[in-house]
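The values are calculated or read from the model by the stated rules, or taken from the named source; none is laboratory data. Computed from a prediction, not measured in an experiment: that's the story for all the values here. In this analysis, Cβ positions are derived from the backbone assuming ideal geometry, glycine residues included, and neighbour counts consider all displayed protein chains. Heavy atoms of the whole protein, side chains included, go into the accessibility calculation; ligands, DNA and RNA do not. Shrake-Rupley method; radii C 1.70, N 1.55, O 1.52, S 1.80 Å.
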Protein chains: 2
Amino acid sequence: MATCYLSPSKSVTIPLQTNLFTSTPKPVFGLRCNLSLPSKTSLITGEPAPLYSSVKTFAPATVANLGPGFDFLGCAVDGMGDFVALNVDPHVHPGEISISAISGNNVGKLSKNPLRNCAGIAAIEVMKMLGIRSVGLSLMLEKGLPLGSGLGSSAASAAAAAVAVNEIFGNKLGFEELVLAGLKSEEKVSGYHADNVAPAIMGGFVLIRSYEPLDLIQLKFPNDKQLFFVLVSPDFEAPTKQMRAALPAEIGMSHHVWNCSQAGALVASVLQGDLLGLGKALSSDKIVEPRRAPLIPGMEGVKKAAMEAGAFGCTISGAGPTAVAVTDNEERGKEIGKLMVEAFLKGGKLQASATVKQLDRVGARLVSSIKI
Amino acid sequence: MATCYLSPSKSVTIPLQTNLFTSTPKPVFGLRCNLSLPSKTSLITGEPAPLYSSVKTFAPATVANLGPGFDFLGCAVDGMGDFVALNVDPHVHPGEISISAISGNNVGKLSKNPLRNCAGIAAIEVMKMLGIRSVGLSLMLEKGLPLGSGLGSSAASAAAAAVAVNEIFGNKLGFEELVLAGLKSEEKVSGYHADNVAPAIMGGFVLIRSYEPLDLIQLKFPNDKQLFFVLVSPDFEAPTKQMRAALPAEIGMSHHVWNCSQAGALVASVLQGDLLGLGKALSSDKIVEPRRAPLIPGMEGVKKAAMEAGAFGCTISGAGPTAVAVTDNEERGKEIGKLMVEAFLKGGKLQASATVKQLDRVGARLVSSIKI
């Protein structure tokens with residue numbers, strides 16, 4: 001293991017450490033970030049000590065907007081997401097964090113500079129909140145989610161990182177603080193909105209009631225009900241700028257009342273476990289989806305195909321291009337997905353892949369840990 | 001008892017019948033309405049026979065809009081409302097209805113022509129739905145609610161009448177059909193909206209999800225929670241036209257998202273029995289209340305007074321001028337009401353009266369009946 005300190009702010013760490021992804025020690029390289037806090041070698045009063053030498057966390061994919069829940073509602077889907085492994089690293093300057101490795105989807109597009117990486121920014125925020133000045137950390141990110149798919153890729157990285165830092169220091173922070181840390185990350189990547197990062201951290205459905213102060217409402221979907229999401233991602237990069245430009249600046253009163261009532265119906269359907277109602281609300285958006293769907297080739301036909309195949313509802317996941325449909329049966333979900341894939345090919349000349357996932361009721365979580 | 005038939009469509013009935021309000025028989029006078037259906041003296045196949053010779057029903061006051069629930073959400077409040085007494089009347093032409101008496105508030109402003117009276121229109125609709133062609137009915141309306149107060153006065157009359165006709169013929173129709181009948185009435189009086197008449201009929205909180213087809217969601221407030229409404233009505237006639245003209249035609253995206261999220265939060269708060277959240281949502285409207293409140297002298301100060309006195313939230317009831325605040329304690333409610341009355345006097349130079357009422361969980365109901 002070698003550590004080269006060029007200067008306090010330009011050091012490069014080359015630690016040899018346990019990689020929780022591969023379970024074999026290997027050297028990792030990375031930039032690190034100064035938290036603008038004085039570094040000290042001994043623990044400062046009130047600063048929590050790490051309970052673990054390393055932790056591994058997972059944060060799920062998320063579906064934001066959900067039709068009329070535009071910009072304030074999202075939910076987590078199980079079995080897809082990002083992993084973060086975090087180590088207490090004596091070779092990282094105390095109070096700082098280093099991203100030592102990124103693996104998985106879109107590795108080339110992600111920066112190892114913690115200040116420019118979703119996971120890094122969220123981790124730094126949590127370290128700040130905890131007042132960590134005596135311990136250096138190194139972080140490895142394993143991207144399970146593709147970027148720009150509308151499945152909350154950046155939020156999953158931020159959520160996994162925020163929870164990892166919190167866990168390694170004994171789980172001192174609550175959901176709200178972790179979401180605030182995630183928001184700092186989202187702000188730099190896709191705007192100050194929590195409809196992905198809140199459900200990625202908290203699991204299930206989350207309604208963002210306000211930002212000043214942050215006020216989140218967990219909407220508990222009944223445990224005895226099954227809810228499956230059919231997620232169909234076309235091989236297409238959604239034109240982010242056009243997607244945002246397509247949003248109307250002004251909305252007519254009748255459409256406003258309609259979407260508001262559908263948002264209310266969506267919330268009621270979730271809490272009452274009414275899948276038919278949930279699907280109906282999902283499909284009901286008259287404001288955003290009609291503007292964005294035409295920018296995703298074939299989307300109109302994909303929604304039609306989903307509904308004809310028996311989906312309860314269908315809309316665009318986040319800002320797209322993934323289409324999301326809901327059903328209560330996994331096998332039916334697979335059939336719906338197959339027909340949606342065909343519709344993307346037929347109507348949009350796009351290859352697409354389908355997956356059927358359940359609601360994630362847990363959110364970002366500890367996967368494994370090694371005690372100090 | 002005398003009956004004068006001038007012509008089939010211009011008859012005047014002067015029946016002597018049991019008055020359920022006074023419990024003493026007295027002659028009543030009224031116009032009656034032809035349902036445009038052939039009248040027959042014998043029961044037609046499929047036409048239900050009356051089970052009662054007379055029924056008396058009650059329908060509660062309602063608070064519509066509830067802040068961000070503008071035009072699609074309402075709830076019923078207990079202990080205030082309108083009564084309808086309905087009699088099978090052989091002196092009324094079969095298949096027709098006659099309004100024999102109107103008593104209580106604003107009697108002079110109400111027509112006895114069933115086609116121009118909220119109760120009459122709703123009663124006729126229910127008779128049509130049931131296919132009543134062999135029985136004539138006479139209706140007495142006792143107004144407990146003042147007109148134009150924002151407490152769903154017309155809806156209460158329509159609801160009580162619709163339920164009365166349904167009850168007298170054996171309760172064949174469900175909520176949705178009764179609401180549709182009530183809507184016919186509301187359409188003529190204040191526009192095609194069900195946010196008063198649906199809760200007046202169904203009780204509790206009701207979300208109107210759509211009109212084509214009519215789709216209503218009952219939002220069950222937990223039985224173990226107390227919810228009190230402080231209703232403060234100033235001596236002021238709300239300028240209905242101005243109230244409607246004050247609504248913005250177009251709404252900015254940020255306000256739309258805000259109100260949508262608050263509507264969702266309101267629904268969640270009701271279902272979760274979260275009074276603090278319910279109050280917060282009630283107070284949160286950024287679209288309608290800011291435009292309408294200035295048209296009700298003193299309203300801004302009234303809301304402030306309610307909040308300072310410990311109300312969870314406060315807004316305009318329906319289109320006003322009544323102000324509604326919520327709390328979980330009756331005594332606190334009285335104190336809040338007192339301060340709101342003072343604020344109307346101080347800020348708006350208006351006399352006002354306050355009352356504290358619980359959530360009505362039942363809706364329009366049978367009060368008494370006499371079997372045939």
Review point. If we hang a label 7 Å off Cα along the beta carbon direction at A:ASP78, how far is it from the matching labels on the other copies, in nm, shortest first?
Key: 4.1
Review point. When the dipole is taken about the Cα centre of chain B, and only Lys, Arg (+1) and Asp, Glu (-1) are charged at their Cβ, what size is it in debye, to the nearest 20?
Key: 760 debye
Check your understanding: For the pair A:GLU308 and A:GLU47, what calculated FRET efficiency results from E = 1/(1 + (r/R0)^6), where r is the Cβ-Cβ distance and R0 = 60 Å, to the nearest 0.05?
Key -> 0.55
Point to revise | Difference of contour (0.36 nm per residue) and Cα-Cα distance, B:LYS188 to B:VAL367 | key: 61.7 nm
Check your understanding: Quick one: label points 7 angstrom along Cα→Cβ at A:LYS286, distances to the other copies in nm, smallest first?
Key -> 2.2
**Study point:** Partner lysines for B:LYS241 [C-alpha distance under 17 Å; skip if fewer than 8 residues away on the same chain]
**Key:** B:LYS188
**Study point:** Peptide-level mean, for B:158-171, of C-beta atoms on other protein chains within 10 Å
**Key:** 0
Study note, to complete from the structure: By the Cα gyration tensor axes a ≥ b ≥ c (a/c under 1.5 gives rounded; else a/b larger than b/c gives prolate, otherwise oblate), the shape of region A:226-372 is rounded
Review point. Considering only protein heavy atoms and a 1.4 Å probe, what is the carbon-and-sulfur percentage of the accessible area of chain A?
Key: 54 percent
Practice item. Quickly estimate the mean residue ellipticity at 222 nm for the protein assembly as shown, helices only: each DSSP H run with n ≥ 4 gives -39500 (n - 2.57), and the total goes over all residues, rounded to 500. Key: -9500 deg cm²/dmol
Review point. What does the accessible area of B:LEU178 come to, in Å² to the nearest 10, when a probe of 1.4 Å is used?
Key: 10 Å²
Check your understanding: Counting alpha carbon pairs within less than 8 Å and at least 6 residues apart, what relative contact order, in whole percent, applies to region A:82-148?
Key -> 57 percent
Review point. Taking only C-alpha pairs under 8 Å that are 6+ residues apart, what is the relative contact order of region A:228-358 in percent?
Key: 39 percent
Review point. Across peptide A:249-259, what mean number of C-beta atoms from other chains lies inside 10 Å of a residue's C-beta?
Key: 6
Check your understanding: Which Cα, out of A:TRP258, B:ASN196, B:ILE97, lies furthest along the positive dipole direction of the protein assembly as shown (beta carbon charges, K/R +1, D/E -1)?
Key -> A:TRP258
Check your understanding: Pairing the Cα long axis of helix B:330-348 with the longest principal axis of chain B, what angle in degrees results, from 0 to 90 and rounded to the nearest 10?
Key -> 80 degrees
Exercise for review: Report the residue, chosen from B:HIS255, B:HIS193, B:HIS93, that carries the largest GNM mean-square fluctuation when chain B is represented by alpha-carbon nodes joined by springs under 10 Å.
Suggested key: B:HIS255
**Study point:** Peptides ranked, highest mean first, by Cβ atoms within 10 Å: ranges A:150-160, A:335-345, A:215-225
**Key:** A:150-160, A:335-345, A:215-225
Review point. Farthest toward the dipole's positive end in the protein assembly as shown, which of B:ILE168, A:LEU180, A:VAL302, given Cβ charges of +1 (Lys, Arg) and -1 (Asp, Glu) about the Cα centre?
Key: A:VAL302
Review point. Averaged across the residues of B:121-133, what count of C-beta atoms belonging to other chains lies within 10 Å of each residue's C-beta?
Key: 0
Point to revise | 0 to 90° range, to nearest 10: angle between helix A:253-272 axis and chain A longest Cα axis | key: 70 degrees
**Study point:** Virtual spin-label span in nm between A:ASP78 and B:LYS220, 7 Å along Cα→Cβ
**Key:** 2.5 nm
Check your understanding: For region B:228-358, what is the accessible area per residue in Å², given a 1.4 Å probe and the full set of protein chains?
Key -> 41 Å²
Check your understanding: Using a label point 7 angstrom from Cα along Cα-to-C-beta, what distances in nm, from shortest up, separate B:ALA246 from the other copies?
Key -> 3.8
Point to revise | Backbone N within region B:170-199 under 20 Å of label point (7 Å from B:ALA245 Cα along the Cβ vector) | key: B:190-191
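Where nothing but the Cβ of Lys and Arg (+1) and of Asp and Glu (-1) is charged, how large is the charge dipole of region A:252-372 around its Cα centre, in debye to the nearest 20?
Charge dipole, region A:252-372, about its Cα centre: 340 debye, nearest 20.
Might you report the magnitude of the Cβ-based charge dipole of the protein assembly as shown about its Cα centre, with Lys and Arg at +1 and Asp and Glu at -1, to the nearest 20 debye? Write down the numbers at each step before the final one.
Details: 68 positive and 62 negative charges, 107 e Å.
Around 520 debye, computed over the protein assembly as shown.
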Check your understanding: Roughly how many Å² is the accessible area per residue of region A:99-210, as a whole number, for a 1.4 Å probe?
Key -> 28 Å²
Revision key, fill the gap. Descending accessible area (1.4 Å probe), largest on the left, turns A:ASP235, B:ASP82 into A:ASP235, B:ASP82
Point to revise | Stretchable slack from A:LYS286 to A:SER111, in nm (0.36 nm times residue separation minus alpha-carbon distance) | key: 59.2 nm
Review point. Probe 1.4 Å, all protein chains in place: accessible area of B:TRP258 in Å², nearest 10?
Key: 60 Å²
Exercise for review: Give the angle, between 0 and 90 degrees and rounded to the nearest 10, that separates the Cα long axis of helix A:175-189 from the longest principal axis of the Cα atoms of chain A.
Suggested key: 80 degrees
Exercise for review: Select from A:ALA354, A:GLY313, A:ALA158 the residue farthest towards the positive end of the dipole of chain A; place +1 on Cβ of Lys and Arg, -1 on Cβ of Asp and Glu, and compute about the Cα centre.
Suggested key: A:ALA158
Check your understanding: Normalised by the residues of chain A, what does the relative contact order come to in percent, with Cα pairs under 8 Å and at least six apart?
Key -> 21 percent
